[in-house]
Amino acid sequence: MKKRRTARIVGAIVLLALIAAAIWQRNNLEAAWILLTKNSEEISAQLDDKRQAMQKEIEEQTGVALQVPTPQQRDEVLSGQKTAEELREELGLNEPSTASGVGERPTGTQTGTKNDPVRQAEIIRACSSEMLTCEIDVMARLSALKDAALDEWEALPEAERTSARKKKIAAEGLKQCYRLETEVDAQVRAIIAKYKTELTAVGGDTSVLDTLWRYYESEKATQKAYYTDQYLR
């Protein structure tokens, strides 16, 4: 109970910092608005709606059914009840891929028969799996950041648990989240670029990967709201 109350205190400061930062980053403003107007269940439902819309569009476009973590699985990783490795195991992401080696060959190397729909589907699944692995790792890192902030606060003597110290801890945590966002953006761009090369080499339609990127971008505000909400619990 004490740790939950502490999380709410630190989380409230994170929310204020997020709102303050919104003046220079649009999806921060959107995330702040979502946090102010929706409860935890509604935020989680909004994120799942976006995921389901992506799954439906990709499947209609390519016939490939994508897999994403359930709300319970997300919560378990963010709360530390489950490790990233355990979730990857549950989703089959630790198993050898039928597209093994995708993205590791020199650009332009032929990887199968031109216009082979089976090979194209393998490449799309491999891209989705690598993006999902990246997301799961981010969940685990956010969970670690949250625990580090709470541990830092709880380790302080009572006399040092001031409002200014809370803000300092929260601000540092927020900076780390922004650095993580920049890092992950670069990773996702690299993943999509890699698989675009592979799809092009087999005569595939790369617009599906543009769809994945579009959903990644459109989910950002809801994801920020969702992850920040975890700090408020």
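When the accessible area of segment 122-173 is split by element with a 1.4 Å probe, what percent falls to carbon and sulfur? So the carbon and sulfur contribution to the accessible surface is 52 percent.
Give the calculated FRET efficiency between SER163 and ASP210 to the nearest 0.05, with a Förster radius of 45 Å applied to their Cβ-Cβ distance. For SER163 and ASP210, the calculated efficiency is 0.45. In the full protein context, segment 120-233 carries 43 Å² of accessible surface per residue, based on a 1.4 Å probe and ignoring ligands, DNA and RNA.
With the simple spin-label model, which puts each label point 7 Å out from Cα in the Cβ direction, the ASN39 to ALA144 separation comes to 3.4 nm.
The values are calculated or read from the model by the stated rules, or taken from the named source; none is laboratory data. This one's a predicted model, so the numbers in the text were calculated from it and none came from an experiment. Virtual Cβ from ideal backbone geometry, glycine too; neighbours counted across all protein chains shown. Remember, those area values only see protein heavy atoms, side chains included, never the ligands or the DNA or RNA. Shrake-Rupley method; radii C 1.70, N 1.55, O 1.52, S 1.80 Å.
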